[in-house]
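Pasting in a structure now, in structure tokens, and then I'll have a few things to ask.
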Amino acid sequence: MDQSPGVPHHGCLSPEATLREIQINLLECKVCFEAFNSQQRERRPQNLSCGHVLCLECITGLSHALPRKLECPFCRQLCSVDTISHCQVLSDLQELLLSPKPSSSSAPPHRAKGGFILETSLHLRATFGGWGTLINPTRIAVLGSAGGVVVVHDGENRVVVFNQQGRKLHSFGERGTGNGNICYPVDVAVSPTGHVIVTDAGDKAVKVFTSRGLHKVTIKDCFQLPWGVDTDSGGQILVSDIQVGTLFRIKVDFNHGGILEIQTVIANLQCPKAVAHCRKTGNTAVMEHPREKHQNRKLKVFTKDFHLLYQMDSFILTLQSSFRLNISNVAFSSDGDVVVSDSDQGLICSLGNLQNNLVLTPLVGDHLIRPAGLVLLENSIIIVDGGDHTVKIYSTKPDA
């Protein structure tokens, strides 16, 4: 059986924390997030031919009557419904571990003390989306002063735009490989002019749309596997390529849909999956996810001229705190503080201004399952949670 999607590789955890990780990451279906139950037919864990495990109800819902096949929501492999089998290992494990859920007292403290946050904690203000409205969302961006929330996901229309009250405004980017289509969206950014930029790993391209979904330009050929994306204050697009380990800077004529210049600004990166640009300092952060399991994820921050300013990895961050932190994504606050997410623990932390001193401060942890992307506003953080397919807005005040 393949490892379930997103199962974290922790070091030394307490027995209670280990049990919690098993319950969250192994003993529930990662599509509907219902616990597996061998006594209920629709909740029984079933092996797909690719090795991933879903409950029978989700397999039935995702499959086509003819030709009785479904696309695995995690690895995209086409699997036959006729070859599924009961996952006895998970059923046995569930029986072995049937016990009350461990206390959450061992969880890391979720407090904020400084940086761009003015109070001691962030409160969940709004949640919207959910399975069906959003399907396996991967990243999020915000449309300028209007504050429209842009999410890329695995739905039929790959880009969905909401207002901050959660009302769906429109969607675009129909599934496909054409210029106006999106095959497999990975990341999304919004330019200062309000254009939406999507990295399409399935089509090995970067695609630019207006905020209403009108396709402007597709950038291909120079990429092997584009992944992370952001824009600088001048509107130039920053794109990482995880296959060749580079960061590109691309100048585009957004009005006429032309490509003006493509530069390789950073090379020799190890699987750079996340990119963030700080509008205040001009610095660019890149998150490396090495393919070798024994290597830690690494955060690198570069100056506006793309000289390495500082770097650190998950191991160093763990030494600086009372809990293990496995960084997965990065963003900047309006003050220039570096903020990272840990998708394994469902945690958002500020690292402060790393040029002065590392100050690790947990900001958000409550009600988060698997943060996939985050955007920082003046007094709030908007997070897309791949764990329950929602968008969550946290602010310094519950009624802000």
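Kindly provide the set of residues from the range 139-154 that are modelled with pLDDT of 95 or more and either open to solvent by 20 Å² or more (accessible area, probe 1.4 Å) or not in a loop (DSSP other than H, G, I, E, B) (or both), ordered by number.
Passing the criteria: ARG139, ILE140, ALA141, VAL142, VAL149, VAL150, VAL151, VAL152.
Out of everything in the range 243-265 that is aliphatic (A, V, I, L, M) and open to solvent by 10 Å² or more (accessible area, probe 1.4 Å), what residue ends up being nearest to the chain's Cα centre (by Cα)?
Applying the first criterion (aliphatic (A, V, I, L, M)) to the range 243-265 yields 244, 247, 250, 252, 259-260, 262, 265.
With open to solvent by 10 Å² or more (accessible area, probe 1.4 Å) added as a condition, the list becomes 244, 252, 259-260, 262, 265.
Details: VAL244: 21, VAL252: 26, ILE259: 28, LEU260: 30, ILE262: 26, VAL265: 24 Å.
The residue in question is VAL244.
Being part of a strand (DSSP E or B) and surrounded by fewer than 18 Cβ atoms within 10 Å (Cβ to Cβ), is that true of even one residue in the range 283-302?
no
Look at SER171 and say whether it is farther than 26 Å from PHE332 by Cα, under 20 Å from the mean Cα position of the chain (by Cα) and polar (S, T, N, Q).
Here the answer is yes, as SER171 does meet what is asked.
How do the pairs read when you match residues in the range 320-349 that are within 25 Å of LYS30 (Cβ to Cβ) with residues anywhere that are of a type in the set (Ser, Thr, Tyr) and open to solvent by less than 10 Å² (accessible area, probe 1.4 Å), using Cβ under 6 Å and keeping only pairs 6 or more apart or on different chains?
Within 6 Å, the pairs are ASN326/SER314; ILE327/SER314; SER328/SER341; ASN329/SER341; ILE348/SER341.
Still on this structure, please answer the following. If the requirement is being of a type in the set (A, V, I, L, M, F, W, C), assigned to a strand (DSSP E or B) and within 23 Å of GLY144 (Cα to Cα), which of these qualifies: LEU247, LEU260, LEU238?
Matching residue, one of LEU247, LEU260, LEU238: LEU238.
Still on this model: Just need a number here: residues in the range 261-284 that are touching a Phe, Trp or Tyr at 6+ places or on another chain (Cβ under 7 Å) and among the small types (Gly, Ala, Ser).
Qualifying residue count for the region: 1.
Working only within the range 332-342, note down all residues that are closer than 20 Å to ALA141 by Cβ and surrounded by 22 or more Cβ atoms within 10 Å (Cβ to Cβ). Full working, then the answer.
Step one: list which residues in the range 332-342 are closer than 20 Å to ALA141 by Cβ, which gives 332-341.
Hits for the range 332-342 are PHE332, ASP337, VAL338, VAL339, VAL340, SER341.
Okay, next question. Take the residues in the range 266-282 that are among the hydrophobic types (A, V, I, L, M, F, W, C) and in a loop (DSSP other than H, G, I, E, B); name whichever of them is most open to solvent (accessible area, probe 1.4 Å).
Here the residue is ALA267.
Looking only at the range 355-393, count every residue that is among the basic types (Lys, Arg) and farther than 15 Å from PHE128 by Cα and tell me the total.
Residues flagged as among the basic types (Lys, Arg) and farther than 15 Å from PHE128 by Cα within the range 355-393 amount to 1.
While we're here: Quick check: is even one residue across the range 114-127 outside any loop (DSSP other than H, G, I, E, B), modelled with pLDDT under 85 and at negative phi?
The answer is yes, given that some residue of the range 114-127 is outside any loop (DSSP other than H, G, I, E, B), modelled with pLDDT under 85 and at negative phi.
Also, I was wondering about something else. Find the residue count for the range 172-191, including only residues that are touching a Lys or Arg at 6+ places or on another chain (Cβ under 9 Å) and either within 22 Å of ILE250 (Cα to Cα) or buried (at least 18 other Cβ atoms within 10 Å of the Cβ) (or both).
Total meeting the criteria: 13.
Another question about this same structure. Let me confirm something: among ILE369, ILE316, which residue is at negative phi, in contact (Cβ under 8 Å) with a residue 24 or more places away in the chain and not polar (S, T, N, Q)?
Result of the check over ILE369, ILE316: ILE369.
Would you please name the residue that is modelled with the highest pLDDT, looking only at residues in the range 37-91 that are loosely packed, with under 13 Cβ neighbours inside 10 Å and in a strand (DSSP E or B)?
Here the residue is LEU78.
Can you name every residue in the range 311-331 that is surrounded by 14 or more Cβ atoms within 10 Å (Cβ to Cβ) and more than 22 Å from the chain's Cα centre (by Cα)? Reasoning before the result, please.
Filtering the range 311-331 down to residues surrounded by 14 or more Cβ atoms within 10 Å (Cβ to Cβ) leaves 311-318, 321, 323-331.
Across the range 311-331, the qualifying residues are ILE316, SER321.
Restricting to the range 18-36, name every residue that is part of a strand (DSSP E or B) and open to solvent by less than 40 Å² (accessible area, probe 1.4 Å). Lay out the reasoning, then the answer.
Within the range 18-36, the subset part of a strand (DSSP E or B) is 28, 35.
Selection gives GLU28 alone.
The values are calculated or read from the model by the stated rules, or taken from the named source; none is laboratory data. Just so it is clear, the model here is predicted, and its values are computed rather than measured. Every residue, glycine as well, gets a Cβ built from its backbone with ideal geometry; the counts of neighbours run over all protein chains shown. Surface areas here come from the heavy atoms of the whole protein model, side chains and all, with no ligands, DNA or RNA. Shrake-Rupley method; radii C 1.70, N 1.55, O 1.52, S 1.80 Å.
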